[in-house]
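Asker: Structure in structure tokens, see below.
Laboratory data are not the source of any read-out in this text; all were calculated from the coordinates shown. No experiment lies behind these values; they were computed from the predicted model shown. When we count neighbours, we look across all protein chains shown, and the Cβ atoms used for this are built from the backbone with ideal geometry, even at glycine.
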């Protein structure tokens, strides 16, 4: 399973595979054509969690834990990502400046540690 994380302000590349915007808000100044990504707004952290986190590194561990709880409560929202991962690499696109403490990094970690269960 290959999952990349990339800022919305970085150009798409051939190795990205399928691209998914995992932000609740559309990144400023970026057009849909530039982004070349499917928007999974509902996979992003809830508005309340996003506002509480406020990209403060000291809240990172608590944010990851709360976000993973949100994801676990709504596994159906991850279906497009899991389907894409079955087909090849995926890039999670985000708008935050912090490349280490953002929802795409937390989502990547969650997907890698919770693979699709096959019946």
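Asker: Kirkwood hydrodynamic radius (Cα pairs, Å) of the chain?
Answerer: Final number for the Kirkwood radius of the chain is 14.4 Å.
Asker: Which value in nm describes the separation of the simple spin-label points at residue 87 and residue 46, placed 7 Å from the Cα toward the beta carbon?
Answerer: 3.1 nm
Asker: Right, something else. Among 6, 41, which comes first, second and so on when ranked by fewest other beta-carbon atoms within 10 Å?
Answerer: The fewest-first ordering by Cβ neighbours comes to 41, 6.
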